[in-house]
């Protein structure tokens, strides 16, 4: 009995299994992402009323908050996969970390640019060197450092390990980003309370925002699945299973 | 017509709102297109080599 308890875990160490599962899941993730984002865009751009202070300018929230959320969530994925890879010497975990990092970098970039397009009309500036903005910029550099370091070695195992150590050290930046608006005075607003009787956002604005966050998350999952497939094939292109899998 | 114009002007914030959405669309399209292209190339490459081997 004990022998089988971890069978599901070991299956996730098998490249052909993960390649197949990722290929099966990706289209479903993509459909969920597409449908929720279409609904979220309709609600966000059309159905919800203008904000009482920011007019229609607040609508940037529907791309800014999901990408900012994903920038951090994806870093969590990279760091967790790196830790699993280092602790259990699981090659697939490193593959997931390497596959996820460019996605995280792209959403961090998007969060920074949409934030700056939002800051210009509301704060009067595209950029300030305050804690929230600076720590998010550092997150982008952490992603770029991870990507560069994991590709810097001839042997992919050395690159995996070096990148994983950097990813784990960089985890310290996540709480700094999250609490930056509490610990330091910032132009950036604090966290908004989404739920409960004292919620700080109206339902007509909250629902599209949640749909966009949900949609972005599933989009990330779909893209990650395809990237993991590509990374696996690249690393194991000479193996028998790869030839079998692409037939 | 005027409602479309109103929609596009975003209450005067159109110059900030639409670039934000446009850039988001570009980033999303790239995130979808690049992995698919890479995967297709690798699959074709491996298939070609498997066909040549035996």
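Nothing in this text is a laboratory measurement; each read-out follows from the coordinates by a stated rule. Predicted, not measured: the structure shown is a model, and the values here were computed from it. Backbone-built Cβ (ideal geometry, glycine too); neighbour counts: all protein chains shown.
Points to keep in mind about this one:
- Counting every other Cβ atom within 10 Å of each residue's Cβ, A:108, A:134 order from fewest to most as A:134, A:108.
- Cα centroids of region A:25-53 and region A:142-207: 23 Å apart.
- Comparing A:236, A:200, A:136 in a Gaussian network model of chain A (Cα springs below 10 Å), the most mobile by mean-square fluctuation is A:200.
- FRET efficiency estimate (nearest 0.05) - Cβ-Cβ, residue A:128 to residue B:9, R0 35 angstrom: 0.80
- Taking chain A as a Gaussian network of alpha-carbon nodes connected by springs under 10 Å, the highest mean-square fluctuation of the residues A:226, A:193, A:91 belongs to A:193.
- Cut-off 15 Å (backbone N to label point 7 Å along Cα→Cβ of residue A:202), residues of region A:38-71: A:43-59
- Spin-label pair residue A:53-residue A:154: with each label point 7 Å from Cα along the Cα-Cβ axis, the two points sit 5.9 nm from one another.
- Normalised by the number of residues in region A:15-245, the average gap of Cα pairs under 8 Å and 6 or more apart makes the relative contact order 36 percent.
- The relative contact order of region A:30-150, computed from alpha carbon pairs under 8 Å that lie at least 6 residues apart in sequence, is 24 percent.
- Ellipticity estimate at 222 nm from DSSP helix runs (n ≥ 4, -39,500 (n - 2.57)) divided over chain A, nearest 500: -25000 deg cm²/dmol
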